[in-house]
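One structure below.
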Amino acid sequence: MKFKECTTYFQAIEQELSRTAMTKILSELLTQATATDSKIISYVSMGSLFPPYQDLQFNIAQKNMIVILAELLGVTDTTITHHVKQAGDLGLVVFDLWKGEDQGLSLREIYEQLIEMAQVTGTGSSDKKAKKLIKILQNVDNLGAKFIVRIVTKTMRLGFSDMTFLDALSWMECGSKKLTSVIEHAYNICADLGLVTYTLKSEGIHAVENMKIHV
């Protein structure tokens, strides 16, 4: 799946007020995606790269993101700060100001690049992360940039929780919320939304029913 396709669905979800409508759009996205892409979607839609127990952080504060976006957009930090005060969201700022074109990268390619960026440590890591993030943003359009910034700042603003995601998985599988309780039980015992999603997509609901507790 192309990253642009995924962000188009995210945009549609964000503009919805109805939880049922959000669930159906999300289930459509998951239906279109492969098992691996669905796993990635489960993580990034929650503003993360991995399940909560894998504590990999971007460690890019808002003030650092302002500097990064200023460099990307060729404006001053003050300009970005002004726009943030008006929009209240760094994602909306880059959405409004970035004029780049999408280069056709896949969701998996963007995801792997974000992991690579998050794993940078040591002396000068902040500058290295900034350069990597700018390079990633240069490969997407304004909609892609909006959601990448939100993933990094852990503020997706999509309007749904992990429970809505579980409902969407049920809708994907059977066209209703009938299987939500089964899927939720699997989620409760493994604490990994991505693993549940991948198992359902690749092996079906019976495999989800038979999932065991993971340490």
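Brief remarks on what is shown
- In the stretch 157-174, the residue that is nearest to the chain's Cα centre (by Cα) out of those that are surrounded by 14 or more Cβ atoms within 10 Å (Cβ to Cβ) and among the hydroxyl-bearing types (Ser, Thr, Tyr) is Thr164.
- Count of residues meeting criterion [more than 22 Å from Val149 (Cβ to Cβ), open to solvent by 10 Å² or more (accessible area, probe 1.4 Å) and among the hydroxyl-bearing types (Ser, Thr, Tyr)] in the stretch 28-68: 4
- For the criterion of being in a helix (DSSP H, G or I), in contact with a Leu (Cβ under 8 Å, 6 or more places away or on another chain) and within 26 Å of Lys24 (Cβ to Cβ), Val208 passes.
- A search for C-beta distances below 6 Å between a residue of the stretch 187-203 that is of a type in the set (Asp, Glu) and any residue that is open to solvent by less than 10 Å² (accessible area, probe 1.4 Å), counting only pairs 6+ apart in sequence or on different chains, returns Asp192/Pro51.
- Scanning the stretch 175-184 for residues that are open to solvent by 20 Å² or more (accessible area, probe 1.4 Å) and either touching a residue at least 12 places away in the same chain (Cβ under 8 Å) or touching a Ser or Thr at 6+ places or on another chain (Cβ under 8 Å) (or both) yields a total of 6.
- Filtered residue count, the stretch 185-205, keeping only those that are in a helix (DSSP H, G or I) and open to solvent by 40 Å² or more (accessible area, probe 1.4 Å): 8
- Restricting the stretch 95-142 to residues that are in a loop (DSSP other than H, G, I, E, B) and more than 23 Å from Gln11 (Cβ to Cβ), the residue that is least open to solvent (accessible area, probe 1.4 Å): Val120
- Residue in the stretch 79-86 that is assigned to a helix (DSSP H, G or I), hydroxyl-bearing (Ser, Thr, Tyr) and either free of Cβ contacts under 8 Å to residues at least 40 places away in the same chain or open to solvent by less than 60 Å² (accessible area, probe 1.4 Å) (or both) present: yes
The values are calculated or read from the model by the stated rules, or taken from the named source; none is laboratory data. On a predicted model such as this, the values are computed, not experimentally measured, just so you know. Using ideal geometry, Cβ is built from the backbone for each residue, glycine included, and neighbour counts are taken over all protein chains shown. Ligands, DNA and RNA are excluded from the accessible area calculation, which covers all protein heavy atoms including side chains. Shrake-Rupley method; radii C 1.70, N 1.55, O 1.52, S 1.80 Å.
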